[in-house]
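This report concerns only the one structure given below.
The values are calculated or read from the model by the stated rules, or taken from the named source; none is laboratory data. None of the values given here were measured: they were computed from a predicted structure. Glycine also receives a Cβ, built like all others from the backbone with ideal geometry; neighbour counts cover every protein chain displayed. Keep in mind that these areas ignore ligands, DNA and RNA; they rest on the heavy atoms of the full protein, side chains included. Shrake-Rupley method; radii C 1.70, N 1.55, O 1.52, S 1.80 Å.
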Amino acid sequence: MPDTRVDAIEKGGETIPAHTALRYLRGFGNELQSEAVPGVLPEGQNSPQRPPRGLYTEQLSGTAFTAPRAQNRRAWLYRIRPSAMHRPLRRIDDRLLRTAPDREAEPSPNRLRWNPLRFPDEPADFVDSLTTIATNGDAVARNGIGIHVYRATRPMVDRVFYDADGELLIVPEQGRLLLQTEFGPLDVVPGEIAAIPRGVKFRAELPDGRARGYVCENYGALFRLPELGPIGANGLANLRDFLSPCAAFEALDRPCEMVAKFEGHLWATELDHSPLDVVAWHGNYAPYKYDLARFNTIGTVSFDHPDPSIFTVLTSPTDTPGTANCDFVIFPPRWMVAEHTFRPPFFHRNVMSEFMGLIHGAYDAKAEGFTPGGMSLHNSLSAHGPDRATFDRAVAAELKPQKIPDTLAFMFETRLVIRPTRFALATPELQQDYDSCWAGFEKMFRG
């Protein structure tokens, strides 16, 4: 288990040297190890009678002890104080955070689209600003997802958060996040994603002063890379491009609030120290980040628009082969070369439900109305596709090789109907005229 650190990283085509960049460990689901103080990681065993330097040993299990080896996820942490050292937690206000099953509003077959949610008037950190847009499934039964937006205007200070209901897939749209986790720090910018495993404590800091983005709270099986099938051994997201943090710790003896999400509600307690005090760790259950620009996009070089499944970065599978609890799909810059083909996404009715967001640029199926920070929901078997302006351009276009240069949209696709929250249906950011983008398709049939 080598401590394979990254001494420099690339952002926006620029290489940032080691002295200004965080250091990371490479690999998705790998057995990794890291120590912030040399010699504190036990050799040859996990739980020695007396761990080095007076540390406490703790195992964090992300799957059942008896899960098959290929799916088993756990980490061993060597920390200054045990996590068990805290007073009882008390219920606190959930604010606009909701969890499935959420029955405040009825699910709708209507196509829905939202403008970007505005930043709150009052200062709010990452946790306080979490706003649920939609949910499906049942967090108690460990299936389905929650879809949230964060709109943070102040950093978390002397406060940490963990989610016992699901792993958090964070998709920044505006502003950097510096995620200080038990395993070490992750610096995440728009165009990257970060995953915080279920139960891992973290603090979100705001190097740019404020930040906005999307969160998929995955109640089901852990996200993994999709199978490649006929694509072969390479393509899509490569394992080596996923980065996990190197160990770093806080030896702080001052009050800290710990907030937990448990069975759909927020709970909190006060500690007399920082719980981000892990001096060393090893295992395969750790936070990670991924630069979406490293995704190896696959597309047709002959004819017809391929299904969006070829853009899947991560998938949370179910017991039904090929049917996901949630797929995380992106639509990045790419070449379009299909001959005698309608190149934008085709008109479609999908048994799966689709929730989309836009990180930057424009989405090629919608000429107007879908802006960075915005969202759309097309529930199971609700008809959707290109708007009229996009259709007109596509059928008249000269079919020469075309680069879509400035775009990054994403989709959470899930097998269950997505139920918007009461807030999402009442907010003024909901576009009341979304259906009009499909108006005016006149009859062109000539029998």
Expressed to two decimals, the stretch 103-217 has a Cα Rg over Rh, using the Kirkwood radius, of 0.97
The local net charge around Phe242, scoring Lys/Arg +1 and Asp/Glu -1 for residues other than Phe242 whose Cβ lies under 10 Å from its Cβ, equals +2
For the chain, percent of DSSP beta bridges that are antiparallel (nearest 5) comes out at 95 percent
Just to verify a number: what accessible area does Glu413 come out at with the full protein assembly present, 1.4 Å probe, Å² rounded to tens? 30 Å²
Contour minus Cα-Cα distance for Ala233 and Leu399 (0.36 nm per residue): 56.6 nm
With DSSP loop assignment and no more than 10 other C-beta atoms within 10 Å, the chymotrypsin sites (Phe, Trp or Tyr not before Pro) in the stretch 65-100 are Phe65
Using Cα springs under 10 Å in a Gaussian network model of the chain, which residue among Cys216, Cys437, Cys246 shows the largest mean-square fluctuation? Cys437
Charge context of Phe346, other residues only, Cβ under 11 angstrom, K/R +1, D/E -1: 0
Alpha carbon centroid spacing (whole Å) that separates the stretch 82-159 from the stretch 399-447: 24 Å
Roughly how many nanometres apart are two label points built 7 Å out from the Cα toward the Cβ at Asp304 and Leu430? 3.8 nm
For the chain, the longest stretch holding no trypsin sites (Lys or Arg not before Pro) located in a DSSP loop with at most 15 other Cβ atoms within 10 Å is which? 143-348
What accessible area per residue comes out for the stretch 265-329, rounded to a whole number of Å², with a 1.4 Å probe? 35 Å²
If we count every other residue with Cβ under 13 angstrom of Ala362's Cβ, Lys/Arg +1 and Asp/Glu -1, where does the sum land? -2
Carbon and sulfur: what percent of the chain's accessible surface (1.4 Å probe)? 52 percent
Pick from Leu97, Leu314, Leu22: which residue has the top mean-square fluctuation in a GNM of the chain where Cα pairs under 10 Å get a spring? Leu22
With all protein chains in place and a 1.4 Å probe, Arg254 shows an accessible area in Å² (nearest 10) of 110 Å²
Roughly how many Å² is the accessible area per residue of the stretch 68-191, as a whole number, for a 1.4 Å probe? 40 Å²
Which of Ser380, Ser316, Ser436 fluctuates most in a GNM of the chain (C-alpha springs under 10 Å)? That residue is Ser436
